[in-house]
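Contents: one structure, followed by commentary.
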Amino acid sequence: MSQKTTLLDLSPREATAAREIALRYGNRPDALLEILHDLQEHLGFIPEAALPALAKALNLSRAEVHGVVTFYHDYRREPAGRHVIKVCRAEACQSMGANELVSMIERFLKVKLGQTTADGAITLEAAYCLGNCALSPAVMVDDKLVGRVDAKKFETIVAECRS
Amino acid sequence: MSKVFVPRDSAARSVGADEVAAALAKLGHEVVRNGSRGLLFLEPLVEVETKDGRIAYGPVTIDDVASLPIATAGAHTLRLGNIEDHPYLKNQERLTFARCGITDPVSVSDYVKLGGFDGLKKALGLAGAAIVAEVTESGLRGRGGAGFPTGIKWKTVLDARADQKYICCNADEGDSGTFADRMVMEGDPLMLIEGMTIAAIAVGATKGYVYIRSEYPDAIATMKEAIANAVAAKWLGANIQGTDKTFHLEVRRGAGAYICGEETAMLESLEGKRGTVRPKPPIPALEGLFGKPTVINNVLSFAAVPFILAEGGTAYKNYGMGRSRGTLPFQLAGNIRQGGLVEKAFGVTLRELVETFGGGTFTGKPIRAIQVGGPLGAYVPASQMDMPMDYETFAAAQAMVGHGGIVVFDETVDMAAQARFAMEFCAIESCGKCTPCRIGSTRGVEVIDKIVAGEDRDANLELLSDLCQTMTDGSLCAMGGLTPMPVMSAIKHFPEDFDKPAALAAE
Ligand SMILES: Cc1cc2nc3c(=O)[nH]c(=O)nc-3n(C[C@H](O)[C@H](O)[C@H](O)COP(=O)(O)O)c2cc1C
Ligand code: SF4
Ligand code: FES
């Protein structure tokens, strides 16, 4: 899983997944973002090996698909930890101590934003507003929003991620 | 057993609404997952249906559930009385958010019972031009930030001749301090569907998209559910309510790019491309999605339309001040005691919102700055809190109302750090198309660092001001064009934060 894929490594599993998902969207090139989201949900990341298959299915150049994958923050080129925690760094959360929260979390997990913990349990990422600005500071654990986050709440979240 | 309401809104869920709902269900109560009333500081808010109305308790934690006198709706330290009488709600002017929080958001029959689809029913009997005239009459201006008159935009699309037209809803809501779009989509999604369908009928479009940011998984799921229900009930899809009108609506997810809230970048993204900004002209109303005439509006703009059709443009226009007509759902956020959604007519002062509704800061310390209108909006000093919320008043003060986000900071805020963040954010989110924005923002961070460090302070402050001017004048879109607004407002109103002794600044 953690092995790096290269352009030459045309893993059939990844290419097949890409083709199947593209077909679900009628191979429509305008659905590329949706297709990439689904592929990432399925494989955990967007492997390089999937790109030529996607380009072919959607009748796009490989450069076009690559350009889209790299433009958007959501698409990851490498597998993440078992859980992804996004910490809001935007203004409303800043006003409630988000910067201090980020430092505390980084110390607690012993990783920086953008990194994965040594046990592979958690990937820590920055977010810029999660729409929970009245209950700041906010984090998102996978798809679940958490508000009014403090050290104690965060420790509970981490314990759940690791259990 | 009683009927109780516990919101499914993601903000309510973020502080334990699911756990509270499950515990109430376990006690045998009938639990309805409603939208949020917007009194977010009271979430999770539990409402009990009684013959005297809905009695509320909040904020309820899982540990409180056992002690709640649900059967009698009686006394408890968390009892708030009839929720409709709560001053935070009662003193609002809810036109758009009139229904939010009352019912199960995806129930078509609940929606219809509360006046839902009255606007669409009317629109189905009108010519396109008459619908556009009603929207124009209302004075509605785009709620996404720029405040462009919605009626004029629709008329351009109506008058354009094309074999295909589109309706696109901008639900990218990237501004910090805003969550009204999210609350509509999670709490009253059928209203957005109704507004978009009215737009489609008005301009002759048959296909539409809701572009929702990926940070909103609950909104995405709720919108999809509501669309499916609307189609099943024949309020959406082919031959709406047996007429010859057809409108197909699809949800599309963003992928974590603030710039995709800019309308032309959103169109690129909807076409499956990198979210870079298109030069204008051509305007999207003439050459938009796939090169076809396209109505692009914010969630709140579309959401205002059902009321305007049902009650008439004049009824809407009767609210507001000056050229800012109707109401705006303001969002009270950040360091505020009573954060939430407050829909008021334009003209309400910033002070009323922040102090009367908001109750001041969460920390209890004095207010120092308020960022209004998102990350590209100005920092307003506490001394200007008596300004009325009005597009023109704010513009005259080099500030902006934007999408109505109000983020409060107490006296501990470091305004040089906030100015630096504005530049940093622009550098992170720039689409890269033009130099003043792409390079200027990174330079901006460096220059502010030097100023804070006390290096050639006067020269660097001047350099920063020049840089801001270049960004304002030379950027293709408002990302680079407006980032100077928060930066320059911080310097103007809080110069002392840029002039600390170097030793102190280094701390
Ligand atoms: C950087 C940037 C971000 C924007 N983000 C949003 C957004 O998240 N939602 C939105 O409705 N409009 C956003 N806008 C404004 C849109 O470009 C556009 O004006 C709006 O969607 C038009 O709809 P309205 O007339 O109903 O406001 C943004 C503009 C810029 C320059
Ligand atoms: S101002 Fe920035 S975001 Fe806007 S087009 Fe230029 S580079 Fe892109
Ligand atoms: S700013 Fe953090 S949730 Fe909006």
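The values are calculated or read from the model by the stated rules, or taken from the named source; none is laboratory data. Fair warning: this is a prediction, and the values are worked out from it, not measured in the lab. In this analysis, Cβ positions are derived from the backbone assuming ideal geometry, glycine residues included, and neighbour counts consider all displayed protein chains. The accessibility values were calculated without ligands, DNA or RNA, using every heavy atom of the protein model including side chains. Shrake-Rupley method; radii C 1.70, N 1.55, O 1.52, S 1.80 Å.
Mind checking which residues of the range B:110-128 are in contact (Cβ under 8 Å) with a residue 60 or more places away in the chain and among the small types (G, A, S)?
Once the filter is applied, which keeps residues that are in contact (Cβ under 8 Å) with a residue 60 or more places away in the chain and among the small types (G, A, S), the range B:110-128 yields B:G115, B:G116, B:G119, B:A123, B:G128.
So which residues in the range B:418-434 are under 15 Å from B:S489 (Cα atoms), in contact (Cβ under 8 Å) with a residue 60 or more places away in the chain and within 16 Å of ligand 3 (Cβ to nearest atom)?
B:Q418, B:A422
Please enumerate the residues belonging to the range B:196-232 that are open to solvent by 40 Å² or more (accessible area, probe 1.4 Å) and either touching a Ser or Thr at 6+ places or on another chain (Cβ under 9 Å) or within 14 Å of another protein chain (Cβ to nearest Cβ) (or both).
Passing the criteria: B:T206, B:K207, B:A221, B:K224, B:N229.
Which residues, taken from the range B:395-411, are facing another protein chain (nearest Cβ under 9 Å) and more than 22 Å from the chain's Cα centre (by Cα)?
Within the range B:395-411, just B:D410 meets the criteria.
Report whether or not B:L270 is open to solvent by less than 10 Å² (accessible area, probe 1.4 Å), within 22 Å of B:G116 (Cβ to Cβ) and either aliphatic (A, V, I, L, M) or within 11 Å of another protein chain (Cβ to nearest Cβ) (or both).
When the stated conditions are applied, B:L270 does not pass them.
Out of the strands (runs of 3 or more DSSP E) lying entirely within the range B:293-377, which hold 3 or more residues that are more than 16 Å from ligand 1 (Cβ to nearest atom) and within 14 Å of chain A (Cβ to nearest Cβ)?
Where strands (runs of 3 or more DSSP E) fall fully within the range B:293-377 and carry at least 3 residues being more than 16 Å from ligand 1 (Cβ to nearest atom) and within 14 Å of chain A (Cβ to nearest Cβ), they are B:340-345, B:367-372.
Got a sec? Which of B:F330, B:F290, B:F302 is surrounded by fewer than 24 Cβ atoms within 10 Å (Cβ to Cβ) and aromatic (F, W, Y)?
Result of the check over B:F330, B:F290, B:F302: B:F290.
Can you give me the number of residues within the range A:8-37 that are farther than 20 Å from B:R252 by Cβ and of a type in the set (S, T, Y)?
Residues meeting the conditions: 2.
Open to solvent by 60 Å² or more (accessible area, probe 1.4 Å), over 23 Å from the mean Cα position of the chain (by Cα) and within 14 Å of another protein chain (Cβ to nearest Cβ), is that true of B:K433?
yes
Answer yes or no: is there a residue in the range B:347-365 that is among the polar types (S, T, N, Q), under 20 Å from the mean Cα position of the chain (by Cα) and crowded, with 24+ Cβ neighbours inside 10 Å.
Checked the range B:347-365: no residue is among the polar types (S, T, N, Q), under 20 Å from the mean Cα position of the chain (by Cα) and crowded, with 24+ Cβ neighbours inside 10 Å.
Run B:N460 past the list (1) surrounded by 22 or more Cβ atoms within 10 Å (Cβ to Cβ); (2) among the polar types (S, T, N, Q); (3) more than 16 Å from B:L376 (Cβ to Cβ) and report the number of the one that doesn't hold.
Unmet for B:N460, out of (1) surrounded by 22 or more Cβ atoms within 10 Å (Cβ to Cβ); (2) among the polar types (S, T, N, Q); (3) more than 16 Å from B:L376 (Cβ to Cβ): (1).
Hey, could you check the range B:394-418 for residues that are hydrophobic (A, V, I, L, M, F, W, C) and open to solvent by 10 Å² or more (accessible area, probe 1.4 Å) and say which is nearest to B:L332 (Cα to Cα)?
B:M400
Can you name the condition, by its number, that B:V251 falls short on among (1) in a helix (DSSP H, G or I); (2) within 14 Å of another protein chain (Cβ to nearest Cβ); (3) within 16 Å of ligand 1 (Cβ to nearest atom)?
Failing condition for B:V251: (1).
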